[in-house]
Amino acid sequence: MSSRTLDGKSAIVTGGASGIGGAITKLFVARGARVVVVDLQEEAGEALARELGDAVVFQRGDVSDRNVADTAVASAVERFGSLDVLVNNASVSRQKPFEEQTDDDWNLAMDTGLYATRNFMLAALPELKKTGNACVINFGSGAGLNGQPNQASYAATKEAIRGLSRVAANEWAEFNIRVNVVCPMALTAGVVQWAQARPEQYAQSAAAVPLGRFGDPDRDVAPIVAFLASDDARYMTGQTVMADGGAVKLR
């Protein structure tokens, strides 16, 4: 089977300059896609664009800003002629006990998670409709499914994204736009920082993974996202896919 399962497709990946998003961007390009990367990390984004060449357009921007979403969609159409895939990967949150989380903490999680996902979906919809075979891949989290301590605002926004995704999967099916959710567990730079700050919680999480490890962004998570973006997943929509080594088993 050809590894170029995304040939001819154009995508937007938010938070696509590093971590899981960077892994997705690289694999998308390797499989034939062209990508608009939206990220605040200018140095990382520009380095990635240099590495991957004309297949990547880097756009520095805050995903909580609706104008950034509009600009990303316009860039995809201008540079690549269409928009086939939207990956809402970016989100930022602060880890504190529920009673200590401030309005600013909640606004940060919701603005960069739920509202960014909503804004990019709405901005992309007119172009996704034109494709006739498009998809949206949103990001949830086991933190929401399990009620991870110190993650109230993050867990809440991730579960809200799952609910939004199920509604959109039903409403947008008539346009042949698939909407799925990935919940990853991967050893990113952010997870490393979390492990250092809360080693007991990290050890507990790692021990609960049947496959015995946190995933690798490049080898374990990005291929699942690439599958959902490909025509191999043409009959999947409204689903939550756990890319977590078996830590959560949905019923």
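The values are calculated or read from the model by the stated rules, or taken from the named source; none is laboratory data. Note that this is a predicted model, so its numbers are computed, not measured. Here the Cβ is made from the backbone with ideal geometry for all residues, glycine too, and neighbour counts use every protein chain on show. SASA here: full protein model, heavy atoms, side chains in, ligands and nucleic acids out. Shrake-Rupley method; radii C 1.70, N 1.55, O 1.52, S 1.80 Å.
Within segment 219-248, residues that are among the aromatic types (Phe, Trp, Tyr) have Cβ atoms under 8 Å from residues that are in a helix (DSSP H, G or I) and surrounded by 16 or more Cβ atoms within 10 Å (Cβ to Cβ) in these pairs: Phe227/Ala233, counting only partners at least 6 apart in sequence or on another chain. Within segment 149-184, the set of residues being closer than 26 Å to Phe227 by Cβ, open to solvent by 40 Å² or more (accessible area, probe 1.4 Å) and not charged (D, E, K, R) comprises Tyr154, Leu164, Val167, Asn170, Ala173, Phe175, Asn176. The set of residues in segment 68-90 that are assigned to a helix (DSSP H, G or I), open to solvent by less than 50 Å² (accessible area, probe 1.4 Å) and within 12 Å of Val37 (Cα to Cα) comprises Val68, Ala69, Ala72, Val73, Ser75, Ala76. Which pairs do you get when a residue that is in a helix (DSSP H, G or I), found in segment 120-140, comes within reach of a residue that is of a type in the set (D, E, K, R), reach meaning Cβ atoms under 8 angstrom, with the pair 6+ apart or on two chains? Matching pairs, first to second residue: Ala123/Arg66; Ala123/Asp70; Leu128/Asp84; Thr131/Asp84. One residue stands out among those in segment 125-142 that are small (Gly, Ala, Ser) and over 15 Å from the mean Cα position of the chain (by Cα): the one that is surrounded by the most Cβ atoms within 10 Å (Cβ to Cβ), which is Ala134. Go through segment 91-117 and give me each residue that's in contact (Cβ under 8 Å) with a residue 40 or more places away in the chain, within 17 Å of the chain's Cα centre (by Cα) and assigned to a loop (DSSP other than H, G, I, E, B). Within segment 91-117, Ser91, Ser93 meet the criteria.
Please go through segment 14-33 and pick out each residue that is of a type in the set (A, V, I, L, M) and closer than 20 Å to Val191 by Cα.
Restricting attention to segment 14-33, the residues satisfying the condition of being of a type in the set (A, V, I, L, M) are 17, 20, 23-24, 27, 29-30, 33.
Ala17, Ile20, Ala23, Ile24 - these are the residues of segment 14-33 that are of a type in the set (A, V, I, L, M) and closer than 20 Å to Val191 by Cα.
If the condition is being within 13 Å of Met110 (Cα to Cα) and in a helix (DSSP H, G or I), then segment 141-159 contributes Ala152, Ser153, Tyr154, Ala155, Ala156, Thr157, Lys158, Glu159.
The residues in segment 185-201 that are closer than 20 Å to Ile224 by Cβ, among the β-branched types (Val, Ile, Thr) and without any contact (Cβ under 8 Å) to a residue 60 or more places away in the chain can be counted, and the count is 1. Among the residues of segment 18-61, the one identified as of a type in the set (Asp, Glu) and open to solvent by less than 30 Å² (accessible area, probe 1.4 Å) is Asp39.
With the condition kept exactly as written, say whether any residue in segment 214-224 is under 25 Å from Val29 (Cα atoms), touching a Pro at 6+ places or on another chain (Cβ under 6 Å), assigned to a helix (DSSP H, G or I) and at pLDDT 95 or above. Yes, segment 214-224 contains a residue that is under 25 Å from Val29 (Cα atoms), touching a Pro at 6+ places or on another chain (Cβ under 6 Å), assigned to a helix (DSSP H, G or I) and at pLDDT 95 or above.
Looking across segment 160-203, the residues that are assigned to a helix (DSSP H, G or I), of a type in the set (A, V, I, L, M, F, W, C) and in contact with a strand residue (DSSP E or B) (Cβ under 6 Å, 6 or more places away or on another chain) come down to Ile161, Ala168, Ala169.
Specify which of the listed residues (Asn119, Asn107) is in contact with a Lys or Arg (Cβ under 7 Å, 6 or more places away or on another chain) and under 16 Å from Asp62 (Cα atoms).
Asn119
Residue check, Thr102 against (1) at pLDDT below 95; (2) in contact with a Lys or Arg (Cβ under 9 Å, 6 or more places away or on another chain); (3) surrounded by fewer than 17 Cβ atoms within 10 Å (Cβ to Cβ), all met but one. Which one? All conditions pass for Thr102, except number (1).
Here Leu40 meets the list (1) touching a residue at least 24 places away in the same chain (Cβ under 8 Å); (2) over 18 Å from Asn138 (Cβ atoms) almost entirely, failing just condition (1).
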